[in-house]
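Here is the structure we will look at.
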Amino acid sequence: IERAGIGVLAEAFPLETVRSILKATRREGHRRRLLPAPMMVYYIIALGLFVGVGCREVLRRLLDGAVWIWPDRIKIATDSAITQARQRLGCEPIETLYQEHVGPIAKKTTRGAWFRSWRVVSMDGFVMDVAESDANEKAFGRPGSTRGHSAYPQVRVVGFLENGTHVFFGAEMDRYGVGETTLARRILGKLRRNMLCLADRNFFCFPLWKEALATKAKLVWRAKHQLVLPKTKKLADGSYLGKLYESPKHRREDREGIVVRIVDYRIDGFRENYRLVTNILDPAMAPALELARLYSERWTIETAVDELKTHLRGSNVVLRSKLPELVRQDVFGLLLAHYGVRWVMHDAALSEGIAADELSFVHTLRVVHRKLPWFVSFPPSGA
């Protein structure tokens, strides 16, 4: 990790890719500015690395390494100029960079990334507090509480995690009132035939399951025990074949049911019963005991969310922007920053022949912070 400094992080977001996206979104700009568009893209990512630091201070840290290259050109812009530059850039280039550039990165040799021949991913969501403002409250809403309303407006994010690398990809964000299953339907297109998707019981329902099946990915989702799934055949490994129906009426008429495999189990020392539903119908391809062990890896996504919400953002830090467009910038900038750190960690883990889980996210983040100035490779003037 000590050798995998900011130069490697810069490789995670090539300048050519950034310029191409700026051109495609018509945000490249043609005037010579103190804060040109390519630099602002990297600045947004830097904001994700330093969420609790003032905007000018983040810019100063980004430019420190350029002083010896352009001693007469380095000038720290005012807060007003930074905000105007962010507004000129908008959210579209940042979101496009995330959606088009961030994806699974595990190699065949990446430890912990595969279950048999399938790449393991987990689907889940989380919410984040955003700055208090009338515009943010109108755009994103806020949850209720026993005393009226919560302290801050909130945004909801749902995405996929590549378990072996902790890369959070395919994420979508929306206002707090939009449910996780609604957001999940927007991201199912990111699933591929060679993936195995884990998901918690809050996502399991007939419409979402049916749409997920269309992706040809393998699914191992937890279901609520009160959900009625008629069992039709017991299999040799202790699991069952059953049927999932759209409604009780469809079930009574045995109409348009989807054949699934059901795995019921308990963990020693715990009272709770678990029920998994999968579209891997042949026990030889994935025995029940192996699926039960595999599902425990879904908690990997909780670790990644903690990295995003605690180590990158800070446990009590609210996203800084008071304008909805810039809030979206902040969210996708944070996701890009997380990807950059995880990209560095995966690269280091491969070079050492170890699992990425054996490396410390916090330590890697500190290394990136320390070496950030060497990230700058173009003049602020845009020349």
### Message
So if I take the centroid of the Cα atoms in segment 79-127 and the same for segment 154-170, what is the distance between those two points in Å?
### Response
8
### Summary
chymotrypsin sites (Phe, Trp or Tyr not before Pro) in segment 223-274 lying in a DSSP loop, each with at most 16 other Cβ atoms within 10 Å of its Cβ, come to F270
### Task
Using a 1.4 angstrom probe, figure out how much accessible area segment 263-311 has per residue, in square angstrom, rounded to the nearest whole.
53
## Note on the structure
accessible surface per residue for segment 92-154, probe 1.4 Å, DNA/RNA/ligands not counted, whole Å² -> 49
### Query
Which value, in Å², gives the accessible area per residue of segment 188-231 when a 1.4 Å probe is used on the protein heavy atoms?
45
### Message
Whole angstrom only: what separates the Cα centroid of segment 178-217 from the Cα centroid of segment 256-275?
### Response
19
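The values are calculated or read from the model by the stated rules, or taken from the named source; none is laboratory data. Computed from a prediction, not measured in an experiment: that's the story for all the values here. Ideal geometry is used to build each Cβ from the backbone, glycine not excepted, and the neighbour counts take in all protein chains shown. All accessible areas refer to the heavy atoms of the entire protein, side chains included, with ligands and DNA or RNA removed. Shrake-Rupley method; radii C 1.70, N 1.55, O 1.52, S 1.80 Å.
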